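Read-outs throughout are calculated quantities, based only on the coordinates presented, and are distinct from any laboratory measurement. These numbers were taken from a predicted model, which means no experiment stands behind them. Reconstructed Cβ throughout: ideal geometry from the backbone, glycine too, with neighbour counts over all protein chains shown.
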Amino acid sequence: MAIQSSIITRDVEKIAAPTGNIYESVVVISKRARQIAVNMKEELNNKLAEFATTVDNLEEVFENREQIEISKFYERMPKATNTATDEFLEGQVAFRMRGDTDTQPEL
């Protein structure tokens, strides 16, 4: 049976360490994952917009190899949650909690 590369065991204490609370860390990671997903979707839509047809006739619609390759490339990319978790654990995500007076920018 093949092992999925998207499944990674994470140490809960390492995730909780930057915020002091696992739930706050998950909120930060989820907000960053949402940002990444939106950016990837916009990028994919912009690339696929070149292939959009204005004709609704099924006879004139054909497979475009380049469009299929672009779609497959985005399918193979790491998931937004994995990317956001890696960024968070490496300290690349700046965040602050509401009410904090720290100078870190809000996510």
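List of remarks:
- Amide H contacts of R96 (H built 1.01 Å from N, in plane; Pro and chain starts excluded): L107 sit under 5 Å, all sequence-distant by 5 or more or on other chains.
- Using θ = phi - 60° and Karplus 6.51 cos²θ - 1.76 cosθ + 1.60, couplings along region 70-79 (whole Hz; Gly, Pro as x): 5, 4, 5, 4, 5, 5, 7, 5, x, 5
- Each residue of region 36-43 is assigned a 3J(HN,Hα), and the resulting list reads 5, 4, 5, 4, 5, 5, 4, 4 Hz, derived from the Karplus form 6.51 cos²θ - 1.76 cosθ + 1.60 (θ = phi - 60°), x at Gly and Pro.
- As a proxy for reagent exposure, ranking Y74, Y23 by other Cβ atoms within 10 Å from fewest up yields Y23, Y74.
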